[in-house]
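Working notes, structure below.
The values are calculated or read from the model by the stated rules, or taken from the named source; none is laboratory data. Quick caveat, the model's predicted, so the values are computed rather than measured. Every residue, glycine as well, gets a Cβ built from its backbone with ideal geometry; the counts of neighbours run over all protein chains shown. Side chains included, ligands, DNA and RNA excluded: accessible areas come from the protein's heavy atoms. Shrake-Rupley method; radii C 1.70, N 1.55, O 1.52, S 1.80 Å.
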Amino acid sequence: MRSMEPFRDLARGQGIPQDEVERWLDAAVRPCAMLGAKESIHGPVVGRLGGLPPIPEDEPVPDLPFLASVDLAAIPPGATDLPLPKDGTLLFFADTSHCPSWTRHDWWRLVHVPAGRPISERGPGGERPPQVYPARDLCLVIDPSLPNRYDSTEEFPHGEELGEVWWDASDDVQTGGSVQIGGYPWVWNNDPVTDYDHGPGDWVLLAEFGSAVVEGDMGRVDWVIRRDDLAAGRFTRARACYDMVG
């Protein structure tokens, strides 16, 4: 991962005690797999943005825009702290053109394609098929991730300020990409992991798609899932949330 020195420098410049900065970093930093076009990220190819989805031959194609595919076998160990399955491909679909509510499930789909299953690249057809985005390879780099929204506590009395420091320092620490696997979500209004009633369990961020991929003014789509469901490959239990500036 890249150096955290820009974050440390900015935190010190705002008068936050160095001891608290180091303790917060030790407690909060998580690795994430940042995926982007090869023009901006120089790493192995682990998926593809856009194009036609490589869907199993015996399954219908969701009537939704196809965002990306991610090859789980290509994500190296330690790229995230998630219990990702060791193989298979994830296909992400979403229509964010009408600022969808998290309580609805008709605007998104997450499909897990087991390794070795016969597939074909095809669209849903019909008279008004969804938009097909240009196909681009997704390359991977491992970045640090921190929460951009954090509450002050007895242990971290400057916790809120440390979250604000991450707002300002993240561009100097992270490589930046279109898709993030693992780590913390970037929160504009509501935290997709903690601010919604998904039900009991240890919910984690699976994937975040930024405004370079989804429609809307600085919009983001976050897929969340229970940690045990992820480890067991129960992707039908995932949930999606949409957020945007404003």
Q. Taking the condition of a type outside the set (A, V, I, L, M) and under 12 Å from the mean Cα position of the chain (by Cα), does Gln174 pass?
A. no
Q. What pairs can you find where one residue is in the stretch 142-169 and on the phi < 0 side of the Ramachandran plot, the other is aromatic (Phe, Trp, Tyr) and open to solvent by 50 Å² or more (accessible area, probe 1.4 Å), and their Cβ atoms are less than 7 Å apart, with a gap of 6+ or different chains?
A. Ser145/Tyr184; Leu146/Tyr184; Pro147/Tyr184; Asn148/Trp167; Gly159/Tyr150; Glu160/Tyr150; Leu162/Tyr150; Gly163/Tyr150
Q | Subset of the stretch 135-158 (residues that are part of a loop (DSSP other than H, G, I, E, B) and not aliphatic (A, V, I, L, M)) | A | Pro147, Asn148, Arg149, Tyr150, Asp151, Ser152, Thr153, Glu154, Glu155, Phe156, Pro157, His158
Q) For Ser3, are the conditions met, namely being out of contact with any Lys or Arg (no Cβ under 8 Å at 6 or more places or on another chain), surrounded by 13 or more Cβ atoms within 10 Å (Cβ to Cβ) and in a loop (DSSP other than H, G, I, E, B)? A) no
(Q) Given the criteria out of contact with any Asp or Glu (no Cβ under 8 Å at 6 or more places or on another chain) and of a type in the set (Ser, Thr, Tyr), does Thr153 qualify? (A) yes
Q) Is it true that some residue in the stretch 17-33 is closer than 27 Å to Gly78 by Cα, surrounded by fewer than 17 Cβ atoms within 10 Å (Cβ to Cβ), at pLDDT 95 or above and of a type in the set (Gly, Ala, Ser)? A) yes
**Q.** Residues that are open to solvent by 30 Å² or more (accessible area, probe 1.4 Å) and touching a Gly at 6+ places or on another chain (Cβ under 8 Å), drawn from the stretch 36-73
**A.** Ser40, Leu52, Asp63, Asp71, Ala73
Q) Quick check: anything in the stretch 12-26 among the small types (Gly, Ala, Ser) and touching a residue at least 40 places away in the same chain (Cβ under 8 Å)? A) no
Q: Please state which one of Pro31, Pro54 is more than 21 Å from Pro144 (Cα to Cα) and either touching a residue at least 60 places away in the same chain (Cβ under 8 Å) or of a type in the set (Gly, Ala, Ser) (or both).
A: Pro54
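To keep it simple, each residue is scored yes or no on (1) open to solvent by 70 Å² or more (accessible area, probe 1.4 Å); (2) out of contact with any strand residue (DSSP E or B) (no Cβ under 9 Å at 6 or more places or on another chain).
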site: Leu91; (1), (2): no, no
site: Ala94; (1), (2): no, no
site: His98; (1), (2): yes, yes
site: Trp102; (1), (2): yes, no
site: Pro114; (1), (2): no, no
site: Gly123; (1), (2): no, no
site: Leu138; (1), (2): no, no
site: Arg149; (1), (2): yes, yes
site: His158; (1), (2): no, yes
